[in-house]
Each structure stands twice: as C-alpha cells, then as structure tokens.
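Participant: Here's a structure for you.
The values are calculated or read from the model by the stated rules, or taken from the named source; none is laboratory data. Quick caveat: nothing in here was measured; it's all calculated off a predicted structure. A quick note on method: Cβ atoms are made from the backbone with ideal geometry, for glycine too, and the neighbour counts reach across all protein chains shown. Only protein heavy atoms, including side chains, enter the accessible area calculation; ligands, DNA and RNA are left aside. Shrake-Rupley method; radii C 1.70, N 1.55, O 1.52, S 1.80 Å.
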Amino acid sequence: INHFVHNGGLYKRPFNEAFEETPMLVAVLTYVGYGVLTLFGYLRDFMRQWKIEKCQNATEREEQKDFVPLYQDFENFYNRNLYMRIRDSWNRPICSVPGAKVDMMERVSHDYNWTFTYTGRVIKDIINMGSYNYLGFAQKSGPCQEAAAKVLSQYGAGVCSTRQEMGNLDKHEELEKLVARFLGVESAMAYGMGFATNSMNIPALVGKGCLILSDELNHASLVLGARLSGATIRIFKHNNMPSLEKLLKDAIVHGQPRTRRPWKKILILVEGIYSMEGSIVRLPEVIALKKKYKSYLYLDEAHSIGALGPSGRGVVEYFGLSPEDVDVMMGTFTKSFGAAGGYIGGKKELIDYLRTYSHSAAYATSMSPPVVEQIITSIKCIMGEDGTTVGEARVQQLAENTRYFRRRLKEMGFIIYGNEDSPVVPLMLYMPAKIGAFGREMLKRNIGVVVVGFPATPIIESRARFCLSAAHTKEMLDTALKEINEVGDLLQLKYSRRRLVPLLDRPFDETTYEETED
C-alpha cells in the first residue's frame with residue numbers, strides 16, 4: 001500500500017509511505033515454517049514429559065501437579081520451542097557508549113541458548129544500527145558529557161525524594177522551562193521514566209465514562225495506560241483516517257453503551273513515529289478530525305522529537321502545524337537526547353493538574369541531576385543556544401542519512417516499511433529461520449542490528465529494524481549497506497517486486513529538507 005499526498009490541502013509537504021504487500025509464496029512459506037516449528041515443539045514437549053529430553057524450562061513442582069497449570073499457555077510454549085532457538089540474537093551485552101560504533105562482549109552457549117557463557121573476548125568497533133541515538137548525543141566526550149560530569153560533582157547521582165517533597169531541584173525547574181520553550185507550549189513537566197510517562201499519566205487524564213480511541217499499533221506504554229485508566233477503549237486501523245472518523249461518529253451518535261449518555265471525554269491516542277513500522281502519523285488529518293468532533297488529542301513523540309522537522313521539534317513542526325492544536329504533547333529523553341525520562345507539554349492548566357494528580361509526579365523519585373543536565377545541554381545544542389550550529393547540522397545529517405539509507409535498500413530489492421523521512425527503517429524478513437540467521441550473519445560482519453519477531457510484531461511479519469543516527473558517516477552506512485546486500489543475497493531476502501532505479505548522479509549531501517519542500 002502506498003500513501004502519497006501532494007502539497008496543498010491539509011499537507012504542506014509531500015507525505016510518502018510504503019507498505020508493500022507480502023508476496024503470496026513468502027506468506028505461505030512463513031506459515032509453513034511456523035507450522036513445522038510448532039509440530040517439533042509439541043514433539044519436544046512430549047519427549048520432555050517422558051524424560052527422554054532434559055527439561056530446562058520452568059515447571060510446576062511435584063506437589064503442584066493437580067493445581068491449575070502456571071506455565072502451559074501459548075506464549076510459554078513459544079518461548080520454549082521457538083524463541084529459545086534464536087535467543088542469542090537478543091540481550092547482547094555491550095561494554096561501551098551506544099554511539100555509531102559499539103564494543104560487545106562475546107558469549108557462547110553450550111546448551112542451545114538456555115544459558116550463555118562469556119568468553120572474556122570483546123568484539124571491537126561494531127557498527128551500531130540498532131540504538132535510538134538519533135542525533136548522536138550518546139557520547140563519552142563533548143559538551144554534554146562535560147556538563148553532566150560537572151553537575152554530578154555538585155549534586156551527586158541521586159535525589160532520594162519525590163518532586164513534591166525534597167526532590168525538586170533548580171535543575172528540574174530549568175529543564176521544564178527549557179522543554180516548554182523548545183516545544184512552543186505554555187508549560188511542561190519532566191518524568192524519570194519514558195514508559196511511566198504514558199502508563200501513569202493517561203489514567204490521570206481519563207477514567208470511567210470516557211472513551212479512548214487508540215491506533216492499533218500504539219506502543220505498549222500507551223496500551224497499558226489506557227487499560228489502567230478504566231476508560232472504554234476502541235481501536236482504529238493504523239493511520240487510517242476513515243476508520244478513526246467512523247469511531248468518532250459512532251461515539252457521538254450512540255454515546256455510552258446501555259445508558260446512551262454522552263461520553264465525558266473522547267481522547268485520541270497516536271504516536272509521532274511508530275517504532276516498529278517506521279510510519280509517521282497523519283497528523284494534519286488527525287487534528288482536523290479532532291477539531292470537527294470536539295475531542296482531545298494525546299500525541300506520543302518518543303521517536304519523533306529531535307528526529308523530525310527542520311529544527312528537530314518533532315512531527316508538529318514536520319507538518320508545519322501549531323503546538324496549540326495538540327492537547328497533550330508527550331515525548332521521551334531516551335532517544336534523540338541520549339538520556340533518560342520523559343515529558344508532557346501543553347497548557348499551564350493541564351500541567352498544574354498533572355503535578356497534583358499524576359502518580360509519576362506524586363510517588364516516583366525525581367530525575368537524576370546528571371541526566372537532567374545531559375538533556376538541558378543537548379536541547380540547547382539543538383536550539384543553537386550554545387552559540388554553535390552543531391545541533392542544526394545534526395538534525396540535517398540525520399535527515400540525509402535517513403533518505404540515503406532507505407533509498408539504497410529499496411534499490412537493492414528489499415521490502416522496506418514506513419515513511420521516507422522516518423529514521424526507523426524496518427526491513428522485512430518474514431520467515432522464522434531468517435530472524436536468527438540475519439542477526440548472526442550481520443554480527444559476523446561486525447554490524448549490530450535489531451531483529452524483531454512475535455509478540456512485538458504480527459507472527460508472520462518478522463523484521464530487522466535499523467535506526468539511523470546523525471553520528472553515522474557515509475562510510476559507515478556504505479559498509480553496512482554492502483554487508484546487508486550480501487546477507488540479503490545469502491538468505492534470499494530481496495522480496496520486493498518494485499525495484500527502484502538507482503540515482504547514480506545524485507550526490508550524498510544534497511538530500512535535505514529544503515529539497516523535499518521544493
């Protein structure tokens with residue numbers, strides 16, 4: 001499915017997304033692969049039950065045999081018999097800064113991935129294509145590190161209290177004022193954990209008698225927050241505006257079930273960039289629907305803040321919209337800013353309400369001062385308030401790297417999901433055996449990648465997910481592309497039936513925001 005929206009109307013720039021349909025043969029072979037693995041899984045469980053094969057998974061004790069089974073659900077079966085075969089592709093321990101290159105501790109398994117042993121060897125200079133280090137602020141030297149080290153010596157590492165008690169530092173106040181100014185909103189509040197920013201604040205905003213309309217591919221933190229709120233939840237198809245509008249119409253016409261009373265609030269939950277699809281929310285249309293049906297909008301910019309827009313202010317700036325049109329602007333400091341935590345921005349009344357009623361504000365320990373200083377320094381760099389143009393250059397470099405990397409992968413014949421401006425680049429693998437094989441083959445070639453399967457994706461849509469960074473040089477990207485091309489041929493991953501013509505005459509550094517707007 002290709003979405004292409006020209007300039008004019010609601011959009012002020014081209015909006016190009018591609019989700020190429022899975023080839024029928026590939027889909028059939030993927031189902032067959034999972035079927036074979038499932039059959040062998042039942043066979044191995046039978047052998048474990050009769051002590052023919054050693055059982056290493058968690059089981060009930062003898063005296064609990066007649067109890068309701070604790071470990072017999074499908075996901076535990078999946079973990080034992082499918083995930084365990086390729087477990088070495090995850091949780092790989094690195095022992096360096098997660099920058100453009102990383103050092104990784106080598107480990108081996110002598111019992112088919114049930115346990116791992118470290119060899120003591122460190123694999124050096126692996127090109128890191130998996131970390132969310134979009135603007136390259138994950139560094140062990142430079143202004144951010146120096147500022148954080150200075151604050152560490154002055155304030156220490158921990159605060160040992162909540163913001164409402166003895167944990168409200170001048171640095172926290174400075175950060176929140178800076179974030180509000182960066183976003184263009186009246187006020188902002190910072191939290192120590194990005195996941196909890198969603199899961200603990202949504203229940204403070206909506207409750208029983210309210211309706212949440214959530215994109216089907218929203219992050220687990222949004223899903224958990226919606227469930228904890230007690231509000232009614234209805235799901236609309238991913239980035240599908242007719243589906244969202246139908247739910248809005250039905251909600252207003254029919255009201256609450258049984259009583260038919262109007263909903264107290266209707267809250268739309270969307271993300272800026274969807275971290276598994278690489279797609280960008282169709283924000284101009286979402287805002288138009290929100291205004292038309294008098295609902296509220298909660299925008300999660302975890303992956304888009306810093307990574308989109310000419311000056312890194314996220315998906316709102318990317319589309320040339322006003323921050324006032326978004327009721328709740330949420331984001332995290334864990335990605336583009338190379339730190340930890342999250343924020344919520346909006347009107348002063350909203351933030352004052354959350355300071356009192358948010359569980360994260362009332363019960364969570366305050367952010368660590370060195371982490372706060374890392375965020376302050378990186379935001380000032382992006383805004384140019386450090387007296388340099390380094391931040392602006394990083395934002396532009398990320399945009400160039402993104403478009404170059406995506407275009408080259410499409411030219412090679414891979415199926416690539418998402419928007420052409422999204423630094424999250426999913427490369428479709430589909431078949432279960434190719435998940436582990438791709439991760440291992442890339443690591444052999446000194447490229448660190450993230451491979452993703454069920455339950456993070458639909459069971460037949462396994463993929464490798466690349467995250468681009470401004471810290472990646474053209475030489476690094478070309479090296480990674482060469483190895484990806486080689487592994488793609490080896491594992492026969494080039495499923496695309498829409499081959500692009502290479503743009504051989506186009507210099508690397510000409511792919512900029514100005515060009516796309518022209």
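Participant: What are the pairs with Cβ atoms under 7 angstrom where one residue, in region 50-64, is within 24 Å of residue 112 (Cβ to Cβ) and the other, located anywhere, is part of a loop (DSSP other than H, G, I, E, B) and among the polar types (S, T, N, Q)? Sequence gap at least six, or different chains.
Facilitator: Partner pairs satisfying both residue conditions: none exist.
Participant: Pick out the one residue from 279, 322 that is small (Gly, Ala, Ser) and either farther than 30 Å from residue 245 by Cβ or open to solvent by 10 Å² or more (accessible area, probe 1.4 Å) (or both).
Facilitator: 322
Here's the yes/no breakdown for (1) at pLDDT below 95; (2) not hydrophobic (A, V, I, L, M, F, W, C):
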residue	(1), (2)
325	no, yes
335	no, yes
342	no, yes
349	no, yes
358	yes, yes
371	no, no
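Participant: Then there is this: Which count do you get for residues in region 215-259 that are charged (D, E, K, R) and assigned to a strand (DSSP E or B)?
Facilitator: 2
Participant: Can you pull out the residues in region 386-428 that are among the polar types (S, T, N, Q), open to solvent by 10 Å² or more (accessible area, probe 1.4 Å) and outside any helix (DSSP H, G or I)?
Facilitator: Correct list: 388, 389.
Participant: Which is among the charged types (D, E, K, R), on the phi < 0 side of the Ramachandran plot, at pLDDT 95 or above and open to solvent by 60 Å² or more (accessible area, probe 1.4 Å), of 176, 186?
Facilitator: 186
Participant: Same structure, new question: Looking at 458, 502, which one is within 30 Å of residue 80 (Cβ to Cβ), modelled with pLDDT under 95 and either assigned to a loop (DSSP other than H, G, I, E, B) or open to solvent by 70 Å² or more (accessible area, probe 1.4 Å) (or both)?
Facilitator: When all the criteria are applied, what remains is 458.
Participant: With 494, 482 as the choices, which residue is at pLDDT 90 or above, part of a loop (DSSP other than H, G, I, E, B) and surrounded by fewer than 20 Cβ atoms within 10 Å (Cβ to Cβ)?
Facilitator: Sole residue among the options that is at pLDDT 90 or above, part of a loop (DSSP other than H, G, I, E, B) and surrounded by fewer than 20 Cβ atoms within 10 Å (Cβ to Cβ): 494.
Participant: Please verify whether residue 262 is at negative phi, assigned to a loop (DSSP other than H, G, I, E, B), free of Cβ contacts under 8 Å to residues at least 24 places away in the same chain and open to solvent by 60 Å² or more (accessible area, probe 1.4 Å), treating the condition exactly as stated.
Facilitator: When the stated conditions are applied, residue 262 passes them.
Participant: Can you list the helices (runs of 4 or more DSSP H) lying wholly within region 327-385 that have 1 or more residues being among the small types (Gly, Ala, Ser) and open to solvent by less than 30 Å² (accessible area, probe 1.4 Å)?
Facilitator: 359-363, 369-383
Participant: Restricting to region 200-213, name every residue that is under 22 Å from the mean Cα position of the chain (by Cα) and buried (at least 22 other Cβ atoms within 10 Å of the Cβ).
Facilitator: 200, 201, 202, 212, 213
Participant: Also, quick follow-up: Only one residue in 223, 185, 206 is farther than 23 Å from residue 307 by Cβ and hydrophobic (A, V, I, L, M, F, W, C). Which one?
Facilitator: Criteria check complete, one pass: 206.
Participant: Determine which single condition residue 286 fails, assuming it passes every other condition in (1) without any contact (Cβ under 8 Å) to a residue 60 or more places away in the chain; (2) open to solvent by 10 Å² or more (accessible area, probe 1.4 Å).
Facilitator: The failed condition is (2).
Participant: Which residue, of 440, 463, is buried (at least 22 other Cβ atoms within 10 Å of the Cβ) and either of a type in the set (Lys, Arg) or in a helix (DSSP H, G or I) (or both)?
Facilitator: 463
Participant: Also, quick follow-up: Of the residues 442, 428, 412, 476, which single one is in the same structural domain as residue 84 (by the TED database) and within 18 Å of the chain's Cα centre (by Cα)?
Facilitator: Selected residue: 428, the only one of 442, 428, 412, 476 that is in the same structural domain as residue 84 (by the TED database) and within 18 Å of the chain's Cα centre (by Cα).
Participant: May I ask you to verify whether residue 235 is out of contact with any helix residue (DSSP H, G or I) (no Cβ under 8 Å at 6 or more places or on another chain) and open to solvent by 10 Å² or more (accessible area, probe 1.4 Å)?
Facilitator: Answer is yes for this residue.
Participant: Can you give me the number of residues within region 56-70 that are at pLDDT below 80 and either surrounded by 13 or more Cβ atoms within 10 Å (Cβ to Cβ) or not assigned by the TED database to the domain that holds residue 116 (or both)?
Facilitator: So the count comes out to 3.
Participant: Check residue 255 against each of (1) over 26 Å from residue 317 (Cα atoms); (2) of a type in the set (Gly, Ala, Ser); (3) touching a strand residue (DSSP E or B) at 6+ places or on another chain (Cβ under 8 Å) and name the one condition it does not meet.
Facilitator: All conditions are met except number (3).
Participant: What number of residues within region 109-148 satisfy the criterion of being more than 30 Å from residue 442 (Cβ to Cβ) and surrounded by 13 or more Cβ atoms within 10 Å (Cβ to Cβ)?
Facilitator: Residues that pass the stated criteria total 3.
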